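Visitor: Below is a structure I'd like to ask you about.
The values are calculated or read from the model by the stated rules, or taken from the named source; none is laboratory data. Just so we're clear, the structure is a prediction, and the values are computed from it rather than from any experiment. Cβ placement follows ideal geometry from the backbone for every residue including glycine, while neighbour counts extend to all protein chains displayed.
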Amino acid sequence: MAEISVLLPSILQPFAGGQPSLTAAAEGTVTVGWLLDSVTVGYPVLARRLRDETGALRRYVNIYVNGDEVRRLQGLETEVAEGQEVLIIQSIAGG
């Protein structure tokens, strides 16, 4: 069984108990959607920050797997294998 880590930006860390990353135990290749479900199971506020009521990624949340933005791949169905880096970036607007 392998572990896959999701790196969180500092703005989201308070919703994950202050942790800079969350890890899920996985066998083989998993999807981004499965990974998000797994790492946010104990952090419902974080889960709501990442996905809307329909389960889709929120507009201002970008997730990268090995540097590739998942919206340009297969979205939440993008596969993640052991050893790949998963990074969440939340866009911040201001003016």
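Visitor: Identify all residues within segment 81-91 that are surrounded by 11 or more Cβ atoms within 10 Å (Cβ to Cβ) and closer than 16 Å to Ser21 by Cα; write none if there are none.
Guide: Within segment 81-91, Glu82, Gln84, Glu85, Val86, Leu87, Ile88, Ile89, Gln90 meet the criteria.
Visitor: Name the residues in segment 50-72 that are touching a strand residue (DSSP E or B) at 6+ places or on another chain (Cβ under 7 Å) and part of a loop (DSSP other than H, G, I, E, B), would you?
Guide: Across segment 50-72, the qualifying residues are Arg58, Tyr60.
Visitor: Just to be sure before I move on: is Gly28 surrounded by fewer than 13 Cβ atoms within 10 Å (Cβ to Cβ) and either in contact (Cβ under 8 Å) with a residue 40 or more places away in the chain or touching a strand residue (DSSP E or B) at 6+ places or on another chain (Cβ under 9 Å) (or both) in the structure I sent?
Guide: Yes, satisfied.
Table: residues versus (1) part of a helix (DSSP H, G or I); (2) closer than 19 Å to Gln90 by Cα.
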| site | (1), (2) |
| --- | --- |
| Ser5 | no, yes |
| Pro9 | no, yes |
| Phe15 | yes, yes |
| Gln19 | no, yes |
| Ala25 | no, no |
| Gly28 | no, no |
| Trp34 | yes, no |
| Val45 | yes, yes |
| Arg48 | yes, yes |
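Yes or no, residue by residue, for (1) crowded, with 19+ Cβ neighbours inside 10 Å; (2) basic (Lys, Arg); (3) touching a helix residue (DSSP H, G or I) at 6+ places or on another chain (Cβ under 8 Å); (4) modelled with pLDDT of 95 or more:
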| residue | (1), (2), (3), (4) |
| --- | --- |
| Leu8 | yes, no, yes, yes |
| Gln19 | no, no, yes, yes |
| Trp34 | no, no, no, yes |
| Val45 | no, no, yes, yes |
| Leu50 | yes, no, yes, yes |
| Tyr60 | no, no, no, no |
| Val70 | yes, no, yes, yes |
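Visitor: Any idea which of (1) among the aliphatic types (A, V, I, L, M); (2) closer than 17 Å to Ser10 by Cα; (3) touching a helix residue (DSSP H, G or I) at 6+ places or on another chain (Cβ under 9 Å) is the one Leu87 doesn't satisfy?
Guide: That leaves (3) as the condition not met.
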